[in-house]
1. For ASP457, ASP334, ASP498, write out the residues from largest to smallest accessible area, computed with a 1.4 angstrom probe and no ligands counted.
2. Order of 166-176, 308-318, 190-200 by packing, highest average Cβ count within 10 Å first?
3. Distance between Cα centroids, the stretch 328-392 to the stretch 132-208: provide it in whole Å.
4. When the helix-only estimate is applied to the chain (DSSP H runs of n ≥ 4, each -39,500 (n - 2.57), divided by the residue count), what is the mean residue ellipticity at 222 nm, nearest 500 deg cm²/dmol?
5. If you rank GLU491, GLU478, GLU319 by how much accessible surface each has, with a 1.4 Å probe, what is the order from largest down?
6. Take the stretch 248-359, compute every pairwise Cα distance, and split them into 5 Å bins from 0; I just need the percent in each bin.
7. Compute the projected area of the convex hull of the Cα atoms of the stretch 425-550, averaged over all viewing directions, and report it in nm² to one decimal place.
8. Taking 25 °C and 0.890 mPa s as the conditions, I'd like the Stokes-Einstein D for the chain in µm²/s, using the Kirkwood hydrodynamic radius from alpha carbon pairs.
Amino acid sequence: MGLRDFDTLQTKHFDIVVVGGGIYGATMAWEAASRGLSVALFEKQDFGHATSANSLKMIHGGIRYLQQLDLKRLRESVRERRTLLRIAPHLVTPIQCLFPTQNTLTENRVTVEAAFQLYNCLSWDRNQEIDPGRHIPCAGTMNRKKVREMIPALEKLHCSGAGYWYDAQAHNTERLILSFVCSARSEGASTFNYAPVKTLLKKDAKVKGVVVCDGLSNKSYEIQTDSVIDCTGPWSKWHSEINDKIAKPVFAKAVNLVVKKSFFPCAVALKTRHKSENASSSRQLFIAPWKNQSLIGTWYFPPEDSAEHVSSTERELDECLQQANSLLPGMKIDRGDITAVHAGLLPAEAENHTAEPRLKNKAHIVDASKQSGPQGLFLVQGIKFTTARAVAESTIDLVCHRQGKRVKKSETDSRPLYGGKLGQVAPYYQSKKKYYSDRLEVKKITHLIDNYGTNIDVIMAYIEQDASLGQWVPGTTEVLIAELVFVLEHEMLVTLSDLLFRRIDLGAFAMPNQKTIAFCADFLGKRLHWDEDKQLENINTLIASYPPLHQSSH
Ligand SMILES: Cc1cc2nc3c(=O)[nH]c(=O)nc-3n(C[C@H](O)[C@H](O)[C@H](O)COP(=O)(O)OP(=O)(O)OC[C@H]3O[C@@H](n4cnc5c(N)ncnc54)[C@H](O)[C@@H]3O)c2cc1C
């Protein structure tokens, strides 16, 4: 079957159709395919373009749940952090996190030390079957002198010391999502971007299929299945299918700033000193280093009326800046420092437009047939990027149980993803550097493994055939021309924005410079047979996705 062969798709019957290609849909497709089920995944735009593109990139180990003594969530987070470090060791790495302690009842060093020792015990298996190069060290505390040596700027807070722990960071969440999709595909799943699902087909209160539109040809197709899993987040159309007693889901707008300054060598959690208009107390924010820049967040605001275009308002942006600048005396971030604003909708507790929205604390998997809806429809609302795989495992268990299907046990917590079978991480990097060093600089080899894992070998094969592909894309020192060839041939790329935002990670910080955009547009145009108008349309769409405020000056 060709890459976008909808005609053949129509002749098949799928065990499961997954709607929505964010992290929840991507993990769902991989979970189903890896357990031997036939599955089709449809995403209305590009994989990972929506809420999942906005993550703070933290893979949480659940230390925060200690405060609420929510041990179930803590353990789930420990397991899922471990899973991601195991299955995608090139994309997920440990990161040190720290917060200043004070001489108060709950935040003094003794209390924090006791709590962190408890966390160390509760996460006893956090490094099970993880490569030593990706181990999560113990949490603990440090004295004031050590804090001063490590981060002199924190001295201004007159803290008594700091508590530190380790989480993980997914430095390229877009490629992580794509790795789940490509893994599902390599296991036989049919995965389509630019394919919105329009309608659910039902007969006698049972799901019979979906109508999907090929967004490139505008033709519609009927796809047969007995089970549809809706992973469309705030865009779910099918809540109306279920009993009124289930309230219409409510969402909060979550916002992060990407700032072109690098503040600290590790992630630091700080409290704001100004209360926000819609928050009842000071707020804790994270400043996490990310590719020589900083990610700051997360703020929560009531959402706009439409989920179609989620963005932050000028007022919200002012509030974010004011609060970010109140984190530390001397912190000076102005609008010119912001290179991107991430905003997405997350499930919240109850509609309340005056108070700060409170996020739901666990993912929801709803079997519509249990709420007077059609048999075979399942609705999934996720909360955290971190725990998407675990939710996928539970959902597929439930669907198989309802279908009366016996399938093999889940193995997605240990099976390496597409590009993730590095074996031992440090020796892998060393051996590839040694092997390819006569053809490519070490910096470029490291970059390729960091982003493509074992697919470095496929990319190097292009460079071996044509050495010019080993050069940087004009205008950057971050992406090789060979990467463009690789993603175009293997990763379901349709538009220039797909390339720059979600395949080669060049557009996520700020708008690439004109030279780079022109080169990439020309490169894609030639291979995808775009005429001049189509090429221009792609460039204009890319540029329009950067609000004027955030356009880079180069
Ligand atoms: C600012 C911010 C920071 C965050 N930080 C973190 C963090 O550090 N760590 C963490 O663990 N989590 C974090 N999260 C939470 C995490 O990002 C979300 O829980 C997760 O991305 C939700 O994924 P999803 O797949 O449910 O939604 P989405 O990514 O929105 O996917 C839904 C998809 O469905 C598609 N779709 C809609 N309708 C249709 C249709 N009819 N047919 C086909 N496709 C359709 C959409 O195009 C979309 O791609 C953060 C979230 C935000 C907003």
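The values are calculated or read from the model by the stated rules, or taken from the named source; none is laboratory data. As the structure is a prediction and not an experimental result, all values here were calculated from the model. Using ideal geometry, Cβ is built from the backbone for each residue, glycine included, and neighbour counts are taken over all protein chains shown. Ligands, DNA and RNA are stripped out before the accessible areas are found, and what is left, the full protein with its side chains, is counted by its heavy atoms. Shrake-Rupley method; radii C 1.70, N 1.55, O 1.52, S 1.80 Å.
1. Details: ASP457 60, ASP334 85, ASP498 0 Å².
Largest to smallest exposure gives the sequence ASP334, ASP457, ASP498.
2. 166-176, 190-200, 308-318
3. Here the answer is 14 Å between Cα centres.
4. Rounded to the nearest 500, it is -9500 deg cm²/dmol.
5. GLU478, GLU319, GLU491
6. Taking all Cα pairs of the stretch 248-359, the binned fractions are 2, 12, 23, 25, 19, 12, 6, 2, 0 percent.
7. Values: hull surface 32.1 nm².
Hull-based average projected area comes out at 8.0 nm².
8. Here the translational diffusion coefficient equals 100 µm²/s.
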